[in-house]
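Just so you know, all these numbers are worked out from the coordinates, no wet-lab data involved. Keep in mind that what you see is a predicted model, and the values were worked out from it rather than measured. Because the Cβ atoms are built from the backbone with ideal geometry, glycine has one as well, and the counts that use them run over all protein chains shown.
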């Protein structure tokens, strides 16, 4: 089996060293139960599920050089896609560096509408923490031995709604999950050029289907 790397990226070590203390709120490891419980707490405490149906939720470690490979959700955010009973789709974000304060609600840039009545929403308050931890642990065990885990860059759960912009298509009660792990190659973690030393890391994507089966994307 040949692993499929979605990206090969260099991150300057200097940027990581300068931000090793994180966002100022301490470290909340992306691969921890505490991270999932924070997602449940923030979303359940801020989004009224009697008013909205949640169709997508993801959380990450942040995307800038300062956050990448830190595995710290406090440097990232929680991002929620939700539908109102008039079928309009909106997004609501919560940022770790702002102490999980909510950003302004905005219209979604992909979906023009979804059929509210047909949606089986994601029950964020009852996310399966143990199940998520098992998927992450199993994914780590699938990393080839010549590579070393550095961070979970992103974890996403989607409800069974169509990809069609108009919300036309099949609606199901199942959810699907994908997440991306960052790894480095043992013995070849860094590269130097023009006086700058950078860490070279690779992204591996994992999928969890509607039946809970985990797969690593391969070539």
message: Compute a Gaussian network model of the chain, connecting alpha carbons closer than 10 Å, and tell me which residue from 59, 110, 100 fluctuates the most.
response: 110
- line: The helix 129-142 Cα axis meets the longest alpha-carbon principal axis of the chain at an angle in degrees, between 0 and 90 and rounded to 10, of 40 degrees
- line: Taking Cα atoms, the helix 33-46 axis meets the longest principal axis of the chain at an angle in degrees (rounded to 10) of 40 degrees
- prompt: Taking the simple approach of a point 7 Å from Cα along Cα-to-Cβ for both residue 172 and residue 211, what is their distance in nm?
  reply: 1.1 nm
- line: Simple SL model, points at 7 angstrom along Cα→Cβ for residue 112 and residue 98; separation in nm is 3.0 nm
statement: Unit-weight point scatterers at every alpha-carbon of the chain, Debye formula, q = 0.17, 0.18 1/Å: log10 I(q)/I(0) is -1.24, -1.33
message: Taking the beta-carbon count within 10 Å as an exposure proxy, list 205, 84 from fewest neighbours to most.
response: 84, 205
message: I'm a student and want to see the number: the projected area of the Cα convex hull of segment 123-219, averaged over all directions, in nm².
response: 9.3 nm²
